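Trainee: One structure coming up, written as structure tokens, with questions to follow.
What follows draws every value from the coordinates through simple rules; no lab data is involved. In this text the structure is predicted, and so the values were computed from the model without any measurement. When we count neighbours, we look across all protein chains shown, and the Cβ atoms used for this are built from the backbone with ideal geometry, even at glycine.
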Amino acid sequence: MEALALAEGKPPTAANIRSVAEALSPEDAAWAFTQWELRERARAKFPNAGRMLFTREALEQATPAAVARYHASKFPRGATVADLTAGIGGDLMALAARGPVVAFESDEERAACAEWNAGTPVRPEDAMAVEWGWEYAFCDPSRRRAGRRLTEPKDFSPNPVAVARRMAGLRLGGIKLSPMLSDAFLRNLGDCIEFVSHRGECVEALIWIGIEIDPGRYAVQVAEGGVVSRLDASPLLPARRDAAAFLFDADPSAVRAHALGALCAEHDLH
């Protein structure tokens with residue numbers, strides 16, 4: 001952490017990098033200036049980004065703090081929740097604030113970041129390779145490799161199909177995925193699907209599995225202050241096709257959840 005202190009507030013000029021490198025090492029200097037760059041980028045997701053540690057790839061996929069709190073709210077306080085893919089700790093921080101957690105992250109650098117950020121132990125191993133002794137779990141499969149975004153679920157780590165099978169015996173398990181995946185694929189994973197929007201963008205599809213789920217398809221809007229709006233999008237209701245007096249721009253989660261008919265019905269827009 002000495003390197004971070006030496007680099008704090010300094011632009012990453014050649015002279016500043018050389019100064020830190022001479023005091024410590026070139027590797028320490030490169031790491032410290034990269035951390036300050038990532039901390040600045042992370043402010044949009046994490047209010048406490050200035051005290052966190054990151055890897056570039058894991059930050060891209062990390063759940064924003066407000067959305068992570070929504071994830072954590074689905075699990076009962078006091079119950080142990082397993083974070084199967086802690087990453088740099090976006091969801092883990094919210095889960096740990098809620099109650100007991102057990103955390104896994106197979107990438108050792110990410111595991112170290114998550115442990116620092118969440119202040120809780122993280123096991124640097126594959127959660128799919130151990131015996132499960134918990135009733136609640138959350139998983140955010142890695143969808144990036146070598147800086148490239150993966151689009152085929154079979155390439156995700158861990159495979160969401162395998163995760164869904166393991167979660168079938170839990171009281172509640174959640175899998176965070178891209179909202180760009182097909183309806184058919186998402187339906188095959190679980191009977192409760194939530195499309196979540198944040199800051200005007202549909203950011204994820206959440207699959208909920210287990211005996212405590214609320215079956216159906218839902219549009220969820222998570223505001224910055226933690227206010228959550230949830231719209232039941234099933235059964236599928238038709239939206240009016242003819243032009244009326246006003247034009248409304250629906251929330252992206254409602255569009256992705258095919259909830260425009262339900263949205264019109266709720267607000268008497270038919």
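Trainee: Which loop-located trypsin sites (Lys or Arg not before Pro) does the range 1-44 contain, where loop means any DSSP state but H, G, I, E or B and the Cβ has at most 10 other Cβ atoms within 10 Å? Walk me through the intermediate numbers first.
Mentor: Numbers: sites: Arg18, Arg39, Arg41, Arg43; in loops: Arg43.
When the trypsin sites (Lys or Arg not before Pro) of the range 1-44 are filtered for loop state and at most 10 Cβ neighbours within 10 Å, nothing remains.
Trainee: Run lengths n ≥ 4 of DSSP H only: what is the helix-derived mean residue ellipticity at 222 nm for the chain, with -39500 (n - 2.57) per run over all residues, to the nearest 500?
Mentor: Working: 11 runs with 95 residues, N = 270.
Computed ellipticity for the chain at 222 nm equals -10000 deg cm²/dmol.
Trainee: What residue among Ile193, Ile17, Ile88 shows peak mean-square fluctuation when the chain is described by a Gaussian network model with Cα springs under 10 Å?
Mentor: Ile17
Trainee: Could I ask something else about it? Over the chain, calculate the relative contact order: mean separation of alpha carbon pairs under 8 Å at least 6 apart, over the residue count, as a percent.
Mentor: In percent, rounded to a whole number, it is 11.
Trainee: Among Val227, Val101, which comes first, then next, by fewest other beta-carbon atoms within 10 Å? Please report the intermediate quantities before stating the final value.
Mentor: Values: Val227 9, Val101 26.
Fewest to most other Cβ atoms nearby, the residues stand as Val227, Val101.
Trainee: If you build a Gaussian network model of the chain, linking Cα atoms that sit under 10 Å apart, which residue out of Gly78, Gly225, Gly119 swings the most?
Mentor: For the chain, modelled as a Gaussian network with Cα springs under 10 Å, the answer is Gly225.
Trainee: Counting Lys and Arg as +1 and Asp and Glu as -1, each charge on the Cβ, what is the dipole of the chain about the Cα centre in debye, to the nearest 20? Walk me through the numbers before you get to the answer.
Mentor: Numbers: 31 positive and 37 negative charges, 69 e Å.
Charge dipole, the chain, about its Cα centre: 340 debye, nearest 20.
Trainee: I would also like to ask the following. Using DSSP loop states and a limit of at most 14 other Cβ atoms within 10 Å to flag GluC sites (Glu not before Pro), what is the longest stretch of the chain containing no flagged site?
Mentor: It works out to 9-124.
Trainee: Report the trypsin sites (Lys or Arg not before Pro) located in the range 179-240 that are in a DSSP loop and have at most 11 other Cβ atoms inside 10 Å of their Cβ, or state none. Walk me through the intermediate numbers first.
Mentor: Details: sites: Arg187, Arg199, Arg217, Arg230, Arg240; in loops: Arg199, Arg240.
Passing sites in the range 179-240 are Arg240.
Trainee: So which helices of the chain fit the span-like rule, where a helix is a whole DSSP H run, its Cα atoms reach 30 Å or more along the axis, and its mean Kyte-Doolittle is at least 1.0? Walk me through the numbers before you get to the answer.
Mentor: Values: long enough: none.
Helix filter hits for the chain: none.
Trainee: I've got another one for you. Out of Gln221, Ala62, Ile207, whose Cα points farthest toward the positive end of the dipole of the range 59-227 (charges: +1 Lys, Arg; -1 Asp, Glu; placed on Cβ)?
Mentor: With unit charges placed on the Cβ atoms, the residue in question is Gln221.
Trainee: Name the shape class, rounded, prolate or oblate, that the alpha-carbon gyration tensor gives for the range 120-183, where a ≥ b ≥ c are the square roots of its eigenvalues, rounded holds for a/c under 1.5, and otherwise prolate holds if a/b is larger than b/c and oblate otherwise.
Mentor: Working: a/c = 2.16, a/b = 1.37, b/c = 1.57.
Taking the square roots of the gyration eigenvalues as a ≥ b ≥ c, the range 120-183 is oblate.
Trainee: Would you list Val130, Val196 from fewest to most Cβ contacts within 10 Å? The partial results should precede the final answer.
Mentor: Details: Val130 13, Val196 27.
Least crowded to most crowded, the residues run Val130, Val196.
Trainee: Here is a further query. For the range 68-205, what percent of Cα pairs sit more than 25 Å apart?
Mentor: Values: 2015 of 9453 pairs.
Considering the range 68-205, 21 percent of its Cα-Cα pairs are separated by more than 25 Å.
Trainee: Once semi-axes √(5λ) of the Cα gyration tensor in Å is worked out from the coordinates, which option in (i) 36, 23, 16; (ii) 33, 20, 19; (iii) 28, 21, 19 does it equal?
Mentor: (i)
Trainee: Nearest 5 percent is fine: what portion of the DSSP beta bridges confined to the range 59-227 is antiparallel? Present the calculation step by step, with values, prior to reporting the outcome.
Mentor: Working: 15 of 33 bridges.
DSSP beta bridges in the range 59-227 are roughly 45 percent antiparallel.
Trainee: While we're looking at this one, here's another question. Suppose every Lys and Arg Cβ carries +1 and every Asp and Glu Cβ carries -1, with no other charges. What dipole size does the range 147-193 come out with about its Cα centre, to the nearest 20 debye? Before the final figure, lay out each step's value.
Mentor: Numbers: 8 positive and 4 negative charges, 35 e Å.
In debye, rounded to 20, the range 147-193 gives about 160.
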